[in-house]
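Asks: The structure is given below, and queries will be raised subsequently.
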Amino acid sequence: MILMCCSSNSAHSLKAYFVNIQTLLNQRIQAAMTAAGAAETAPALVRQSAKVQFGDYQANGIMGAAKALKMNPREFAQATLEKLDLSDVADKVEIAGPGFINIFLKDLWLGKELAQLRTSDRLDIGEVSKPETVVVDYSAPNLAKEMHVGHLRSTVIGDAVVRTLEFLGHNVVRQNHVGDWGTQFGMLLAYMERLREESTEISMVLSDLETFYRAAKTCFDDDEAFATRARELVVALQSGDAECLKLWDEFIEISLRHCEETYAMLGVSLERQHVMPESAYNDDLQNVVNELTEQGLLKESNGAQCVFMEEFANKEGEITPIIVQKTGGGFLYATTDLAAVRFRQHTLNADRVLYFVDARQSLHFQQIFTLSRKAGFVKPETQLEHMPFGTVMGSDGKPFKTRSGGVAKLSALLEEAQERAYKLVASKNEDMDEEELRNIARVVGISSVKYADLSKNRTSDYVFNWDTMLSFEGNTAPYLLYAYSRVASIVKRSEIDVASLTGDINIIEAQERALAVKLCQFEEAIQQVVNDGMPHFLCAYLYDLAGTFMTFYEACPILNAEDETKNSRLQLALNTASTLKLGLSLLGIETLERM
């Protein structure tokens, strides 16, 4: 929000960029702490205040710095204030409790900031000055089956983080690490081979991947000759047999088409060009093994090639190894993931790699990351980050299933969401034409499923509940979509050309002030998504913003206000609508002008 200047190598060269309020306050208070005697690394720890009586922001780093200096915290806080100048942005700065610093922002400054925000397509949020190349591994369905509800979290959380990273100007490389290689594909190829012998049209049978997979698995379990043939086809496939590859290509093409249909329905930004399957690393797997061998990191254990790292020893001293090559020469997921790390570092030049994979794989990724660093597959400064997530649960406390007890197909789930939303919206809009009803139902239904997931802490399990996610009350997509459409309608009913809304925003009432402060904190919510890979921070912000606007609207008349006040409050309304729309778009959620 605040325009800052930063000098480059040339004393006369200045670059303008924007920094959020929290960052500005951190910089200034930390500099004042240093001037008062604290170490340069002592953090100011500025946070949004939990209660209005504590100001808009609170600096909590004084106590830690005072302890290091062996000073009384309040005395050090006073010394810091003597070196601190916030007169341009704050009305009052005070010491509270054992040494907290409370900051009360200036109403005049808030109004000027918001007037500037309204004239910017990006809501005054600048791109980062030093973009990073961020590789994001997300969705990654197994192509042996159709996408199911278990793929929802990786897909929508990963996509929200990708959109936010790109918005801030980072170079984002999407990687859809689909499972298209391994033992189960021998079983599937054997079944395709049998169907062809029976002159069955493969594409028709593959229209339902789940049924296809179950039929192949039954043959594999019940027919030893079939199982033997399946194992032979695995070897042939991995050896590059032309006929096997032809069958495999057909299966993969139809499977990916299923995924693309689901992605289109979900409204996520993954496309065919982002697919980087397990099979893509096949030619590099032996190179991985060779390099680990040359570095003395591999040990043979029961005929397999393994890496034993002391970091993963239990209390008894037993180490869980990483197996990179099976007895007989086969490779595993670990080998492929190590090859992927090498590719992402040396070919994609990643500064940061984010893996949106469920929490059950935490040990696996800890081992992969540790070994990648030991083997020199990544630079020391490259960040490898597992972004674990919990499970979508049913009302019975177990992983979510269909009424018949099977795994819920994601496409079927999304279709049901739209039908439920249609009934809900139609009951509230009896005179609306069918085409508009269907479009609203599509947006509400898909958004409800996505937002129910995104609004939960990524690391937690959550219970899938239709009634909750489709409710117009609480932190839900329907509530936020309705809040946006209501704010947009207020601006529309004013019959004022929004381009004519100029001048400062005058903050007089407490509700105006609360809304102004909340609007200025949008960038901080976005930054949390980028830093922590947790979209629920942005969801919570948007929900709070919508509620803050409703409180403001009830207390502060807009359309019936005097001209100057009306102009000011319409700008607040317009800023709110723009922030809700941009925030929801970063989550991958469409907005509606009418509901």
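Asks: Being hydrophobic (A, V, I, L, M, F, W, C), modelled with pLDDT of 95 or more and over 31 Å from the mean Cα position of the chain (by Cα) narrows it down to one residue among Ala546, Ala516, Ala555; which is it? Outline the logic, then answer.
Replies: Numbers: Ala546 fails: over 31 Å from the mean Cα position of the chain (by Cα); Ala516 fails: over 31 Å from the mean Cα position of the chain (by Cα).
So the residue among Ala546, Ala516, Ala555 that is hydrophobic (A, V, I, L, M, F, W, C), modelled with pLDDT of 95 or more and over 31 Å from the mean Cα position of the chain (by Cα) is Ala555.
Asks: Is there a residue being in a strand (DSSP E or B) and of a type outside the set (Val, Ile, Thr) anywhere in region 121-138?
Replies: From region 121-138, those in a strand (DSSP E or B) are 133-137; that's our starting set.
After this cut, where a residue has to be of a type outside the set (Val, Ile, Thr) as well, the list is 137.
Checking region 121-138: at least one residue is in a strand (DSSP E or B) and of a type outside the set (Val, Ile, Thr).
Asks: Return the only residue of Leu424, Leu363, Leu348, Leu371 being assigned to a helix (DSSP H, G or I), farther than 30 Å from Asp467 by Cβ, open to solvent by 20 Å² or more (accessible area, probe 1.4 Å) and not small (Gly, Ala, Ser). Step through it out loud before you land on a result.
Replies: Values: Leu424 fails: farther than 30 Å from Asp467 by Cβ; Leu348 fails: assigned to a helix (DSSP H, G or I); Leu371 fails: open to solvent by 20 Å² or more (accessible area, probe 1.4 Å).
Leu363 is the lone residue from the list that is assigned to a helix (DSSP H, G or I), farther than 30 Å from Asp467 by Cβ, open to solvent by 20 Å² or more (accessible area, probe 1.4 Å) and not small (Gly, Ala, Ser).
Asks: Give the residues of region 317-338 that are surrounded by fewer than 23 Cβ atoms within 10 Å (Cβ to Cβ), within 17 Å of Glu291 (Cβ to Cβ) and in contact (Cβ under 8 Å) with a residue 24 or more places away in the chain, sorted by residue number.
Replies: Ala334
Asks: Sticking with this structure for a sec: Six or more apart or on different chains, Cβ atoms under 6 Å: show the pairs whose first residue is in region 485-504 and more than 18 Å from Glu564 (Cβ to Cβ) and at pLDDT below 80 and whose second is of a type in the set (S, T, N, Q) and part of a loop (DSSP other than H, G, I, E, B).
Replies: Matching pairs, first to second residue: none at all.
Asks: Within region 491-511, can one find any residue that is under 26 Å from Phe356 (Cβ atoms) and surrounded by fewer than 20 Cβ atoms within 10 Å (Cβ to Cβ)? So that I can check it myself, show each step before the final result.
Replies: Going through region 491-511, the residues under 26 Å from Phe356 (Cβ atoms) turn out to be none.
No, region 491-511 contains no residue that is under 26 Å from Phe356 (Cβ atoms) and surrounded by fewer than 20 Cβ atoms within 10 Å (Cβ to Cβ).
Asks: List pairs: first in region 358-376 and closer than 14 Å to Ala313 by Cα, second loosely packed, with under 14 Cβ neighbours inside 10 Å and not polar (S, T, N, Q), Cβ under 9 Å, 6+ apart or cross-chain?
Replies: Going by the 9 Å Cβ cut-off, the qualifying pairs are Gln366/Glu311; Gln367/Glu311; Thr370/Glu311.
Asks: Could you figure out which of (1) open to solvent by less than 40 Å² (accessible area, probe 1.4 Å); (2) on the phi > 0 side of the Ramachandran plot isn't true of Ala577?
Replies: (2)
Asks: Now a separate question. Go through (1) open to solvent by less than 50 Å² (accessible area, probe 1.4 Å); (2) part of a loop (DSSP other than H, G, I, E, B) and name the single condition Ala540 misses.
Replies: Condition (2) is where Ala540 drops out.
Asks: Could I ask something else about it? Considering every residue within region 123-135, establish whether at least one is open to solvent by less than 10 Å² (accessible area, probe 1.4 Å), closer than 30 Å to Asp283 by Cβ and out of contact with any Ser or Thr (no Cβ under 8 Å at 6 or more places or on another chain).
Replies: yes
Asks: Among the residues in region 67-81, are any modelled with pLDDT of 95 or more, closer than 30 Å to Ala510 by Cα and acidic (Asp, Glu)?
Replies: no
Asks: Related question: Is region 181-203 home to any residue that is within 30 Å of Lys130 (Cβ to Cβ), in contact with a helix residue (DSSP H, G or I) (Cβ under 6 Å, 6 or more places away or on another chain) and of a type outside the set (S, T, N, Q)? Steps first, answer last, please.
Replies: Restricting attention to region 181-203, the residues satisfying the condition of being within 30 Å of Lys130 (Cβ to Cβ) are none.
Checked region 181-203: no residue is within 30 Å of Lys130 (Cβ to Cβ), in contact with a helix residue (DSSP H, G or I) (Cβ under 6 Å, 6 or more places away or on another chain) and of a type outside the set (S, T, N, Q).
Asks: Sort out for me the helices (runs of 4 or more DSSP H) sitting completely within region 169-278 that have 3 or more residues that are open to solvent by less than 30 Å² (accessible area, probe 1.4 Å). Break it down into steps so the answer makes sense when it comes.
Replies: On the way: elements: 183-197, 202-205, 209-222, 224-238, 242-266.
Ranges flagged: 183-197, 209-222, 224-238, 242-266.
Asks: On to the next question. Say we look at region 337-369 and pick out the residues that are over 21 Å from Thr133 (Cα atoms) and polar (S, T, N, Q); which of these is farthest from the chain's Cα centre (by Cα)?
Replies: Residues of region 337-369 that are over 21 Å from Thr133 (Cα atoms), as a first pass: 358-364, 366-367.
Going one step further and asking which of them are polar (S, T, N, Q), we end up with 361-362, 366-367.
Details: Gln361: 18, Ser362: 18, Gln366: 20, Gln367: 23 Å.
This residue is Gln367.
Asks: Conditions first: (1) of a type outside the set (Asp, Glu); (2) in contact with a helix residue (DSSP H, G or I) (Cβ under 7 Å, 6 or more places away or on another chain); (3) in a helix (DSSP H, G or I); (4) open to solvent by 70 Å² or more (accessible area, probe 1.4 Å). Ser447 passes all but one, so which condition is the exception?
Replies: Failing condition for Ser447: (4).
The values are calculated or read from the model by the stated rules, or taken from the named source; none is laboratory data. Bear in mind the structure is a predicted one, so any value in this text is a computation, not a measurement. No Cβ is skipped: glycine too gets one built from the backbone with ideal geometry, and neighbour counts run over all protein chains shown. Surface areas here come from the heavy atoms of the whole protein model, side chains and all, with no ligands, DNA or RNA. Shrake-Rupley method; radii C 1.70, N 1.55, O 1.52, S 1.80 Å.
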